[in-house]
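Structure, as structure tokens:
The values are calculated or read from the model by the stated rules, or taken from the named source; none is laboratory data. Note that this is a predicted model, so its numbers are computed, not measured. For neighbour counting, all protein chains shown are included, and Cβ atoms are generated from backbone atoms with ideal geometry for every residue, glycine included.
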Amino acid sequence: MWHSNFVHLHTHTEYSLLDGACRIKELVAKAKKYKMPALAITDHGVMYGVIQFYKEAIRQGVKPIIGCEVYVAPNSRFDKSTQRKETPYHLILLAKNNEGYKNLIKLVTLSYLEGFYYKPRIDKKILKEYSKGLIGLSACLKGEIPYYILQNNLNKVKEVAIDFVSIFGEDNFYLELQKNGIPEQEIVNENLIKIGQELSIPLVATNDIHYLEKKDASAHEILLCIQTATNLDDPKRLKFTTDKFYFCSPEEMNQNFSEIPQAIENTIRIAERCNLKINFKQAQLPEFSVPPNYNISSYLKELCYNGLKERYTTITRELEERLEYELSVIEKMGFVPYFLIVWDFVRYAKEKNIMVGPGRGSAAGSLVAYCLKITNVDPMAYGLLFERFLNPERISMPDFDIDFCYERREEVIEYVSKKYGEDKVAQIITFGTMAARAAIRDVGRALGIPYSQVDTIAKMIPWEPNITIKKALNIESGLEDLIKKDKNIKKLIDIASSLEGLARHASTHAAGIVLSQKPLTDYVPLQKTTEGEICTQYAMAELEELGLLKMDFLGLRTLTVIGNALEIIKHTQGKEVDINQIPLDDQLVYKMLSQGNCTGIFQLESEGMRDLVKRLKPESIEDIAALLALYRPGPLGSGMIEDFINRKKGIVKIKYPHPRLESILKETYGVIIYQEQVMKIASELAGFTLGQADILRKAMGKKQKAVMEKQREIFIKGAQKNGIGKSTATEIFDLIAYFAGYGFNKSHSVSYAFISYQTAYLKTHYPVEYMASLLTSVMGNNDKVALYIKECKNMHIDILPPDINQSLVNFTVVRENTIRFGLAAVKNVGEKAIESIIKERKKKSKFSSLLDFAKE
């Protein structure tokens, strides 16, 4: 039972980037330990950690109070002249309810989109406009009221205090007292108490938490040095003058404010008044306009049946049943608008001749997506499963990731922004964290340790996935020895370990786009990137939890290569090649691949992959898909690849623990390669629905022991009902549990196998055009240019040197088996200079001499 009489209302998490050092999970756990009924999050100027904090607090049984320590411009937020560099004032805002939360989102957004000047700033004008549902606290020494107290301008202090009461309303503004050991704070506290009594403004006690424990003050000091690019020896560096900015216990806070008990009591009163409920999982999909006489469901159905007739010459009952099933699930889950939105922008891209990939991820398992021409891989032909993409038994947003031509991806994003409204579309934020090596380098700089020494220590951390400093100490004995010998190194490692994993900086997700039904600021705070683009302050996972539509618009350079190659073929040979209609059984293509001639072939050109291709000798798209699925650390280290190749070649006999496995595993020679195979085994042998089978697949892939044990029992009982003995059922379950850890998404593998095959087809049948396009795509990379020129020589294609009279911007096919070097690939030659050269050349045919060229 909760019994603490105090709640922390001024708290900075790690999302006060390089200023707060509190990890959210540990922060909430601390509140729970002290039996606090609630806890607030008030990061500097941002709401980055709000959703994570809210969910963690609910999970641990602590009421979450959502807030922010905003920056208030001394005058107008629009005033950004060089003469006005006054430091903005701090102000704590706490959301009482949903209206307050929405207003907080709008204020934080406007602080970036309109008020940003060194920091995101609001002003009192918009604070008045969006003050409903908010409680204000006067903040730390950098608040406006403390500032005027220290200026001994008490008339201004009263004026500002009365102004805040008028903005927030009576009982919604509090004067904030702190006990942090700073002499100026005592002066401020004394005056705040007097003003509170005189003006009847309530007091509240806070501690401005920046780190959890008192001992963490030194690590926080280093964090500030990293933020300001200084070191501990710099006398002008930003620093806290005391070590009191930690998570004080209720007992400490009661002791600190024993003479003003109402300031403690008011923390509980505020907490009781803050009752925000954030709505999760309700889809906030944009509205999609359909033609008259249709609703969205009937329109989607008509598009799908039209597509079905185009895709298949014979419409079988199986096709109709699969299509109807998918449509019913999509409608039941409320995702009809999603499919129409994706269909629309993919259709737009294709109409504008923007290359679109055949599929990516699990979306290729959907027949609806195939009929809508969102994907170009027949899920029926390759045994791809809809449930791997959209599962009615595991409620989550579907995930369409679409590959576009690298150079024209922005055109599609622009189309979506204009169609649905720029206020409903934004890019998505992502956070970089302090990884092991980076943490050591950052802390080393802040401690003033010589770079060479820090670099040596950092390089002792192995390059491994998810490596931590703690793990490295167990692996690298030399690191442990250094710590024992040198106390400075011990300090470096200790502090780096404590800061490792904290959020370090915000950036924009490479491909993520979010769309919403109403303006995005109804759901999520926004900000501007350094490039001027608008992005969310919540990361991708949080946006999905809020029911917002997020998609990856990926720029795939290979699609640009294919598209440009097709244009060159049209120019050189006067023919149009439809890359989606090429034969998939071309023996010349498989012969080229089997010889290891994979340079420039999508996903197959690395040395290890080339060796694997030569050994396997692929004969079909299915073989290429298996290669892509197998060439990963897990299968490489487990011996699966050797087993697969030996079975394919007949060196090892293919055996199945049960005859009913043959139809599922035949295409992969009895080896379980794909997640979809795991799902089919559970469905066909143990009676799982494909939805249940996907839950099993996920649990196995993530090695969720408790879930797997429960599923094991269900699997064995289900298999026994289907006439399979208990020992055989147990053997099969153990088999799929082993392989599921390595299993790959077949939908993705087959989709990318198509791109691999398409590049191989072009290289086989249109080698000069393909290599010219490939060389053009890597003009900024001298190593790649050299590699592909070498490959051209192996293919007996001549590469002519750059010629001021003949070369164009790109590598150009000038005659059969001959490519002219592109001017843009010449080092230090800018694009504008090239354009000027080509423009002048058109006027006079050619330059007669160097002097003639220089004159022009």
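Name the residue, out of 50, 72, that is within 28 Å of the chain's Cα centre (by Cα) and buried (at least 19 other Cβ atoms within 10 Å of the Cβ). Steps first, answer last, please.
Values: 72 fails: within 28 Å of the chain's Cα centre (by Cα).
The unique qualifying residue is 50.
Residue check, residue 464 against (1) assigned to a helix (DSSP H, G or I); (2) at pLDDT below 85; (3) of a type in the set (Asp, Glu), all met but one. Which one?
Failed condition: (1).
Among (1) polar (S, T, N, Q); (2) under 26 Å from residue 257 (Cα atoms); (3) crowded, with 16+ Cβ neighbours inside 10 Å, there is one condition residue 231 misses while meeting the rest; what is its number?
(2)
Among the listed residues 496, 541, which satisfies the condition of being under 19 Å from residue 218 (Cβ atoms) and part of a helix (DSSP H, G or I)?
Answer to the selection: 496.
So the check is Cβ under 8 Å with 6+ separation or different chains; which pairs have a first residue in segment 324-336 that's over 14 Å from residue 282 (Cα atoms) and a second one that's of a type in the set (S, T, N, Q) and not in a helix (DSSP H, G or I)?
Pairs found: 326/366.
Which of (1) in a strand (DSSP E or B); (2) out of contact with any helix residue (DSSP H, G or I) (no Cβ under 9 Å at 6 or more places or on another chain) is the odd one out, the single condition residue 174 does not satisfy?
(2)
Looking only at residues in segment 704-727 that are of a type in the set (Val, Ile, Thr) and in a helix (DSSP H, G or I), which one is farthest from residue 688 (Cα to Cα)?
Filtering first and then ranking leaves 707.
Residue under question is residue 112, and the condition is that it be surrounded by fewer than 24 Cβ atoms within 10 Å (Cβ to Cβ) and of a type in the set (Phe, Trp, Tyr); does it hold?
yes
Residue 78 - would you say it is within 22 Å of residue 140 (Cα to Cα) and surrounded by fewer than 20 Cβ atoms within 10 Å (Cβ to Cβ)?
When the stated conditions are applied, residue 78 does not pass them.
Restricting attention to segment 390-401, and to residues there that are in a loop (DSSP other than H, G, I, E, B) and in contact with a Phe, Trp or Tyr (Cβ under 9 Å, 6 or more places away or on another chain), which single residue is farthest from residue 540 (Cα to Cα)?
The residue in question is 390.
Just to be sure before I move on: is residue 570 at pLDDT below 95, part of a helix (DSSP H, G or I) and outside the structural domain of residue 820 (by TED's automatic domain parsing) in the structure I sent? Reasoning before the result, please.
Values: at pLDDT below 95: yes; part of a helix (DSSP H, G or I): yes; outside the structural domain of residue 820 (by TED's automatic domain parsing): yes.
Judged against the criteria, residue 570 is a match.
Please tell me if residue 342 is in contact with an Asp or Glu (Cβ under 8 Å, 6 or more places away or on another chain), in a helix (DSSP H, G or I) and crowded, with 16+ Cβ neighbours inside 10 Å.
Against the criterion (in contact with an Asp or Glu (Cβ under 8 Å, 6 or more places away or on another chain), in a helix (DSSP H, G or I) and crowded, with 16+ Cβ neighbours inside 10 Å), residue 342 does not qualify.
Determine if segment 790-810 includes at least one residue that is in contact (Cβ under 8 Å) with a residue 60 or more places away in the chain and touching a strand residue (DSSP E or B) at 6+ places or on another chain (Cβ under 9 Å).
For segment 790-810, residues in contact (Cβ under 8 Å) with a residue 60 or more places away in the chain and touching a strand residue (DSSP E or B) at 6+ places or on another chain (Cβ under 9 Å): absent.
Applying the selection to segment 216-251, what residues are in contact with a Phe, Trp or Tyr (Cβ under 6 Å, 6 or more places away or on another chain) and assigned to a loop (DSSP other than H, G, I, E, B)?
246, 249, listed by residue number.
Out of 576, 605, I need the residue that is in a loop (DSSP other than H, G, I, E, B), under 19 Å from residue 771 (Cβ atoms) and free of Cβ contacts under 8 Å to residues at least 24 places away in the same chain. Which one?
Result: 605 is the single residue among 576, 605 that is in a loop (DSSP other than H, G, I, E, B), under 19 Å from residue 771 (Cβ atoms) and free of Cβ contacts under 8 Å to residues at least 24 places away in the same chain.
Name the one entry in 739, 644 that is at pLDDT below 90, within 30 Å of residue 594 (Cα to Cα) and either part of a helix (DSSP H, G or I) or in contact with a strand residue (DSSP E or B) (Cβ under 7 Å, 6 or more places away or on another chain) (or both).
On the way: 644 fails: at pLDDT below 90.
Just one listed residue meets the conditions, 739.
Among what's in segment 152-171 and is acidic (Asp, Glu) and outside any helix (DSSP H, G or I), pick the residue that is surrounded by the most Cβ atoms within 10 Å (Cβ to Cβ).
Result: 171.
Can we say residue 93 is touching a residue at least 40 places away in the same chain (Cβ under 8 Å), out of contact with any Lys or Arg (no Cβ under 9 Å at 6 or more places or on another chain) and either assigned by TED's automatic domain parsing to the domain that holds residue 140 or buried (at least 19 other Cβ atoms within 10 Å of the Cβ) (or both)?
When the stated conditions are applied, residue 93 passes them.
How many residues are at pLDDT below 90 and of a type in the set (A, V, I, L, M, F, W, C) if we restrict to segment 619-640?
2
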